[in-house]
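A short write-up of the structure that comes next.
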Amino acid sequence: MDNTIYLQIINSIIAEQQTIVGPLAPRLAHKVMEMKFNAQECVVGIDGDPEITVDKLVSIYESLFGESSKQVCKDAASRFLSQLQTGHLPTKLV
């Protein structure tokens, strides 16, 4: 499975969260063990189900910063969601 769209979603979410909470955003993202980071803190790979991986990332931000943080994630991902097949949308983003 090509994870390109999911990688774009994840990196967009992290970047948007970083504009709000600063360098804490990528540090928190490292808690999602399925994501592989490069030296520039960009996610370059996903081990496992990409939908679940996105949901885990959104859950981390939501658990610390609340519902408004979840909305930031949805907004950051919105431009990519139309490129995913129905039934392959991360549940936290719908």
Original post:
Which residue pairs have Cβ atoms closer than 7 Å, lie 6 or more positions apart in sequence or on different chains, and pair a first residue in segment 31-52 that is free of Cβ contacts under 8 Å to residues at least 24 places away in the same chain with a second residue that is buried (at least 16 other Cβ atoms within 10 Å of the Cβ) and of a type in the set (A, V, I, L, M, F, W, C)?
Top reply: GLU34/ILE46; LYS36/VAL43; PHE37/VAL43
Original post:
Would a scan of segment 12-25 turn up a residue that is closer than 19 Å to HIS88 by Cα and either in contact with a Cys (Cβ under 9 Å, 6 or more places away or on another chain) or among the polar types (S, T, N, Q) (or both)?
Top reply: yes
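Report yes if ILE5 is without any contact (Cβ under 8 Å) to a residue 40 or more places away in the chain, of a type outside the set (D, E, K, R) and closer than 20 Å to SER78 by Cα, otherwise no. Can you show your working first?
Working: without any contact (Cβ under 8 Å) to a residue 40 or more places away in the chain: no; of a type outside the set (D, E, K, R): yes; closer than 20 Å to SER78 by Cα: yes.
Taking the combined requirement at face value, the residue does not satisfy it.
A short reminder: the numbers here are calculations on the coordinates, not readings from a lab. Keep in mind that this is a model prediction, so the values were computed, not measured. Every residue, glycine as well, gets a Cβ built from its backbone with ideal geometry; the counts of neighbours run over all protein chains shown.
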